[in-house]
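Report on the structure given below.
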Amino acid sequence: MGMPKTRKVRTKRKPAVQKDRQNKKTWWVQIRLFPIWLRVVLVLVLLGLAAAGGAMVGYGIIGDGEPRDALRWETWQHIFDIMEGTELEGSEVPAETDVPTEDGAVEEDAVE
């Protein structure tokens, strides 16, 4: 008892059929739905949106900040200042009430 054949064996086409296909000209032209330049622009826009979304998630959700602050220029300027080392460390900014005198000493409550 043999099993019934469920697969067909693929055979090569006859040479006459192949010659007919080679001689027959096909007039098939591929028309692109979106031009190449539009695809490049679309990829760049999507890349920008992904970067902005990632910055908002990273800054707002993971970093405990306000997500919209990740898109503000002041936030990025602060980050760049920290990276360059130009950010003031700690609270070295003199308070408004600390006014230096002519000899360099600091008088407290000089400005009222």
Problem set entry | Virtual spin-label span in nm between Val41 and Arg72, 7 Å along Cα→Cβ | 3.3 nm
For this session: Give, in nm to one decimal, the length gained when the segment between Met83 and Ala51 is fully stretched (0.36 nm per residue of separation minus the Cα-Cα distance).
Result: 9.6 nm
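None of the figures in this text is laboratory data; all of them are computed from the coordinates on show. Predicted model only: the values in this text are computed from it and were never measured. Cβ atoms come from the backbone with ideal geometry, glycine included; neighbour counts cover every protein chain shown.
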